[in-house]
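First up is the structure itself, then whatever we jot down about it.
The values are calculated or read from the model by the stated rules, or taken from the named source; none is laboratory data. Please read these numbers as outputs of a predicted model, since none were measured by experiment. Note: ideal-geometry Cβ built from the backbone for every residue, glycine included; neighbour counts use all protein chains shown. The protein model used for the area step is the full one, side chains on, heavy atoms only, and it has no ligands, DNA or RNA in it. Shrake-Rupley method; radii C 1.70, N 1.55, O 1.52, S 1.80 Å.
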Amino acid sequence: MNIPFTGRQQNETDRAYDPGYAAIGLLVLSLAAGPVQAADNDYPTSARADYVIGCMAANGNTHEALLKCSCAIDTIASLMTYSRYEQAETALSLQAGGGVGGRVGLFRDPPQIKAVIEELHRAQAEANLQCR
């Protein structure tokens, strides 16, 4: 089972959303703070549930998927703060959704954006190892 799932499903409405340059600036500024040790339980229940539901849908909606997906989000939560997780999801969502006026490049190139996405990918890889 391949657990990596970012939590949010893309749809046409999401792709059409244009967050504007202010949101881009805030994301880059918040990423500049660097990695922070994850708190024990700073993920809201709704974020954990969203991840598990999406992960289960991507992995067959079985009881086994429920166990592995809930283990995966718990592992991810132990490795990165919810704030960093949200930043990574936002960056991935903006990369996947394209952008107006070439803004897509803004979410692929900066080292801070790459770092937070890599942090999520490392956490997902660790979840794949721990949640067999």
Exercise. Can you name every residue in segment 62-113 that is of a type in the set (Lys, Arg) and at pLDDT 85 or above?
Worked result: 68, 84
Seminar exercise, completed: Those residues of segment 43-68 which are over 14 Å from the mean Cα position of the chain (by Cα) and open to solvent by less than 30 Å² (accessible area, probe 1.4 Å) amount to 65
Seminar exercise, completed: So, first residue under 16 Å from residue 59 (Cα atoms) in segment 108-132, second residue part of a loop (DSSP other than H, G, I, E, B) and open to solvent by less than 30 Å² (accessible area, probe 1.4 Å), Cβ within less than 9 Å, six or more apart or across chains; the pairs are 124/3; 124/5; 127/3; 128/3; 131/3
